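Data block below; observations after.
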Amino acid sequence: MKRTTELKRSVRRRTKEYRNSPGSFILHILLILSTLITAAVTIFIVGYILIKGAPNLSPKLFAWKYTTENVSMTPAIINTLLMTFLSLLFAVPAGIGAAIYLVEYAERGNKFVSVIRITAETLAGIPSIVYGLFGYLLFVIALGFGLSLLGGALTLAIMILPLIMRTAEEALMSVPDSYREGSYGLGAGRLRTIFKIVLPAAVPGIISGVILGIGRAAGETAALLFVAGTAAKAATSLFSSSRTLAVHMYVLLSEGLYIDQAYAAAVILLLMVVLINLLSEILARKIGRK
């Protein structure tokens, strides 16, 4: 009864507010519509992939060795995990380190910091094909890596570095200055304050950036065609040519002979990204509680 009364009061208050300000009502409706459209598009895409791909999943698609008969995606899954892990291994320490410098060490209002932020935002918007050409010229030709797992991982690391750096920077900036002042007041130095107080408080935001980086790295295709190749086998070394699951899907679709298998690969890639995101979220919550 009490909840019903409060709900009626809320409705009356909002009705009165919207009468006095019609623009607020229109904006409210537009926000609801944009939310519904976004949710509907997401559900449609995921549902379409599942409907088209799930029925085509079969044991032969998970054979250890790829052949033209089984079109196995197991080597591509292994390469995707290796490529994503290596790219994060390079990008996460560099991104978090750069964010720590910009927030904790650089003077506020420094023009150099502003240039770095603008550059990072610009790099985050560059098409992946440009990164692929850069990686091809630097890692494949100049450094002589050839089409390799290492070249692909370094290219992906450069791609996701601005995203991780800016997200980590925002997470560090959201930590109240009172945390730092309290730590300094207790006699802790700057380094201890950063690693014992500031970073643990910023972990959820940092991991959100890492999750976004994982999604981009796992689903990248264009850049890896130039630096990692399309060899349908699991990588045996850092300099082995290998295809990720996204590249595997592209190759199958471009051939035009394995459309159903490509949809099945899309289902596995979707499940992999969702699973990695869930594990990262659970890890972030556990760290946040501690």
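Short version: what are the Cα gyration tensor semi-axes of the stretch 196-255, square root of 5 times each eigenvalue, largest first, in whole Å?
Numbers: eigenvalues 211, 39, 12 Å².
Largest first, the stretch 196-255 gives 32, 14, 8 Å.
Computed from the Cβ-Cβ distance with R0 of 30 Å, the FRET efficiency linking Lys52 to Glu121 stands at 0.25. Backbone phi angles across the stretch 217-230, fed through the Karplus curve with coefficients 6.51, -1.76 and 1.60 (θ = phi - 60°), yield HN-Hα couplings of 5, 5, x, 6, 10, 4, 5, 6, 4, 8, 10, 10, x, 10 Hz in residue order; Gly and Pro are listed as x.
When both the stretch 244-279 and the stretch 133-204 are represented by their alpha-carbon centers, they are found 29 Å apart.
Please compute, over every Cα-Cα pair in the stretch 78-216, the percentage with a separation greater than 19 angstrom. Beyond 19 Å sits 56 percent of the P(r) for the stretch 78-216. Measuring nothing but protein heavy atoms, the accessible surface of the chain at 1.4 Å probe radius is 67 percent carbon and sulfur. Counting only protein heavy atoms and a 1.4 Å probe, the stretch 226-285 has 48 square angstrom of accessible area per residue.
Please report the relative contact order for the chain, taking Cα pairs under 8 Å with a sequence separation of at least 6, and give it as a percent rounded to a whole number.
Working: 360 pairs, mean separation 73.5, N = 290.
Reported as a whole number, the value is 25 percent.
Computed from the Kirkwood radius of its Cα pairs, the Stokes-Einstein diffusion coefficient for the stretch 61-112 at 25 °C and 0.890 mPa s stands at 173 µm²/s. Counting only DSSP H runs of at least 4 residues, each contributing -39500 (n - 2.57), and dividing by the residue count of the chain, the helix-based mean residue ellipticity at 222 nm comes to -24000 deg cm²/dmol. Loop sites here are GluC sites (Glu not before Pro) outside DSSP states H, G, I, E and B with no more than 10 other Cβ atoms within 10 Å. The longest part of the chain free of them is 108-290. Only Cα pairs under 8 Å and 6+ residues apart enter the sum, and on that basis the relative contact order of the stretch 86-241 stands at 38 percent.
Could you tell me what % of all Cα pairs in the chain have separations over 37 Å? Spell out each step's value before the answer.
On the way: 13660 of 41905 pairs.
When every Cα pair of the chain is considered, 33 percent fall beyond 37 Å.
Relative to the longest principal axis of the Cα atoms of the chain, the long axis of helix 22-53 makes an angle of roughly 20 degrees. In order along the stretch 154-160, the Karplus-derived 3J(HN,Hα) couplings, from 6.51 cos²θ - 1.76 cosθ + 1.60 at θ = phi - 60°, round to 5, 5, 5, 4, 5, 5, 8 Hz, and Gly and Pro are given as x.
For the chain, the longest principal axis of the alpha carbon atoms and the long axis of helix 111-124 meet at an angle near 50°. Here is the size of the stretch 155-290 from its Cα atoms: Rg then Dmax, 20.0, 68 Å.
Excluding ligands, DNA and RNA, the accessible surface per residue across the stretch 99-148 is 62 Å² with a 1.4 Å probe. With distances taken between every two different alpha-carbon atoms, the stretch 142-214 has a Kirkwood hydrodynamic radius of 14.2 Å.
The values are calculated or read from the model by the stated rules, or taken from the named source; none is laboratory data. Source: prediction; values computed, not measured. Heads up, the Cβs are rebuilt from the backbone with ideal geometry, glycines too, and the neighbour counts pull from every protein chain shown. Keep in mind that these areas ignore ligands, DNA and RNA; they rest on the heavy atoms of the full protein, side chains included. Shrake-Rupley method; radii C 1.70, N 1.55, O 1.52, S 1.80 Å.
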